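S.K.: There's a structure below that I have some questions on.
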Amino acid sequence: DPTETGFVTFEAFLTAAAAKLHARSQDALDEEVEAAYRLFTRGSEGPITLNHLRRVARELKEDGNVTDDLLRDMIQEANGGEGIHAGVSLEQFRDVMRRAGVF
């Protein structure tokens, strides 16, 4: 609240948020990626499987909008075409998140 009015303009908020995001260390980013990965795998070592993606879609109430074919395509895209059975490793997940600009 640079003006001490009890409110923050969107521009001031965006500036502060961007600075905070850019100040994160690589270790902090790695921890965030690993935490997100564990959300998909329910804490297991991985890989992310078709069943994991189905569960996430169901929990997000998107299971009616997301077909198994789409989920299979997502796995294939993330793992470089290694096949559905291979799932998505932590490194592959990290790469997808970087390409998407999430982390």
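The values are calculated or read from the model by the stated rules, or taken from the named source; none is laboratory data. What you see is a predicted model, and the numbers here were worked out from it, not measured in a lab. Note: ideal-geometry Cβ built from the backbone for every residue, glycine included; neighbour counts use all protein chains shown. SASA here: full protein model, heavy atoms, side chains in, ligands and nucleic acids out. Shrake-Rupley method; radii C 1.70, N 1.55, O 1.52, S 1.80 Å.
Condition check ((1) modelled with pLDDT under 95; (2) under 16 Å from Val102 (Cα atoms); (3) under 15 Å from the mean Cα position of the chain (by Cα); (4) of a type in the set (Lys, Arg)) across all residues:
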residue: Thr5; (1), (2), (3), (4): yes, no, no, no
residue: Gln26; (1), (2), (3), (4): yes, yes, no, no
residue: Gly46; (1), (2), (3), (4): yes, no, yes, no
residue: Leu50; (1), (2), (3), (4): no, no, no, no
residue: Gly64; (1), (2), (3), (4): yes, no, no, no
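S.K.: Still on this structure: What are the residues in the range 52-61 that are among the hydrophobic types (A, V, I, L, M, F, W, C) and either surrounded by 14 or more Cβ atoms within 10 Å (Cβ to Cβ) or at pLDDT 95 or above (or both), if any?
M.R.: Residues satisfying the conditions are Leu53, Val56, Ala57.
S.K.: If you don't mind, there's one more thing I want to ask. Can you name the condition, by its number, that Thr67 falls short on among (1) more than 19 Å from Val88 (Cα to Cα); (2) open to solvent by 70 Å² or more (accessible area, probe 1.4 Å)?
M.R.: (1)
S.K.: Evaluate the following for Arg38: is it closer than 17 Å to Val88 by Cβ and open to solvent by less than 80 Å² (accessible area, probe 1.4 Å)?
M.R.: no
S.K.: To continue, here is another question. Can you list the helices (runs of 4 or more DSSP H) found entirely within the range 5-60 that contain at least 1 residues being touching a helix residue (DSSP H, G or I) at 6+ places or on another chain (Cβ under 7 Å)?
M.R.: 26-41, 50-59
S.K.: Looking at the range 86-103, which of its residues are closer than 16 Å to Arg54 by Cα and either modelled with pLDDT under 95 or assigned to a loop (DSSP other than H, G, I, E, B) (or both)?
M.R.: Gly87
S.K.: If you don't mind, there's one more thing I want to ask. Within the range 71-82, how many residues turn out to be in a loop (DSSP other than H, G, I, E, B) and either within 15 Å of Asn51 (Cβ to Cβ) or open to solvent by 80 Å² or more (accessible area, probe 1.4 Å) (or both)?
M.R.: Number of matching residues: 1.
S.K.: Kindly indicate whether Phe7 is loosely packed, with under 11 Cβ neighbours inside 10 Å and more than 23 Å from Gln92 (Cα to Cα).
M.R.: In short, yes.
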